[in-house]
């Protein structure tokens, strides 16, 4: 019968598995593929903790170990992104202003219907929502229990992974961004440019801040009401 792995051997096994994985993986997934006899879960968690101490900060290295909602993955650093991109042929994800708007609204208000997204944005958002679903940043989260049974949308695990969030509570809070001054908000808006201009693109957190602040501002409703056409006059009642 095989001997249990020593602490050093288990550390090496876990490190190799995390290095070879092409996605964040959980301790349970590690347990299922480690050699028999299967180690204790606590031992695997201890190995992960040791690796986080060893690789949790990049320092002068080009990669680090990150945790995303109790899942773990080795990732290259932003400083090496250009060279890694040339090697892999992959291009960074680019999101348009419209996509960032819709994504921020869904992230903060989910589950949310298309109509609710359009109410905040003031424009048709069907195409943008479909594109975000295709990119696996949004998902259909069910239907609202109301007339018409409208579809509701929510964010995905890929959304959390893409923006480096452990969970949705890692999003900037509304309170933080309602404290921004008008000059700060205008500065963020001035940075919004075409998607191909990566040097000036704002981050998701920066853009989400502006959208979140607008969302809690009652003047949004007032502006939308001003743009909404008046209801047509009711037909005169017929006399008997």
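Kindly provide the set of residues from the range 27-79 that are under 13 Å from residue 15 (Cα atoms) and in a loop (DSSP other than H, G, I, E, B), ordered by number.
34, 56 - these are the residues of the range 27-79 that are under 13 Å from residue 15 (Cα atoms) and in a loop (DSSP other than H, G, I, E, B).
What number of residues in the range 17-31 are exposed (fewer than 12 other Cβ atoms within 10 Å of the Cβ) and within 15 Å of residue 63 (Cβ to Cβ)?
Summing the residues that are exposed (fewer than 12 other Cβ atoms within 10 Å of the Cβ) and within 15 Å of residue 63 (Cβ to Cβ) in the range 17-31 gives 2.
Please go through the range 46-63 and pick out each residue that is within 19 Å of residue 164 (Cβ to Cβ), in contact with a helix residue (DSSP H, G or I) (Cβ under 9 Å, 6 or more places away or on another chain) and either assigned by TED's automatic domain parsing to the domain that holds residue 125 or modelled with pLDDT of 80 or more (or both).
48, 51, 55, 61, 62, 63
Please give the number of the condition residue 11 fails out of (1) part of a helix (DSSP H, G or I); (2) touching a residue at least 40 places away in the same chain (Cβ under 8 Å); (3) under 22 Å from residue 163 (Cα atoms); (4) out of contact with any strand residue (DSSP E or B) (no Cβ under 8 Å at 6 or more places or on another chain).
(3) is the only condition that residue 11 fails.
I need the full set of residues from the range 142-174 which are over 11 Å from the mean Cα position of the chain (by Cα), more than 15 Å from residue 109 (Cβ to Cβ) and in a loop (DSSP other than H, G, I, E, B), in order please.
145, 146, 147, 148, 149, listed by residue number.
Before we move on, is residue 18 in contact (Cβ under 8 Å) with a residue 40 or more places away in the chain, part of a helix (DSSP H, G or I) and within 27 Å of residue 158 (Cβ to Cβ)?
Here the answer is yes, as residue 18 does meet what is asked.
What residue, among those in the range 64-81 that are within 17 Å of residue 29 (Cα to Cα) and modelled with pLDDT of 85 or more, is surrounded by the most Cβ atoms within 10 Å (Cβ to Cβ)?
72
Hey, among 193, 93, 128, 188, which residue is modelled with pLDDT of 85 or more and either assigned by TED's automatic domain parsing to the domain that holds residue 71 or touching a helix residue (DSSP H, G or I) at 6+ places or on another chain (Cβ under 9 Å) (or both)?
128
The values are calculated or read from the model by the stated rules, or taken from the named source; none is laboratory data. From a predicted model like this one, the values you see are computed outputs, not experimental measurements. Every residue, glycine among them, receives a Cβ derived from its backbone with ideal geometry; neighbour counts consider all protein chains shown.
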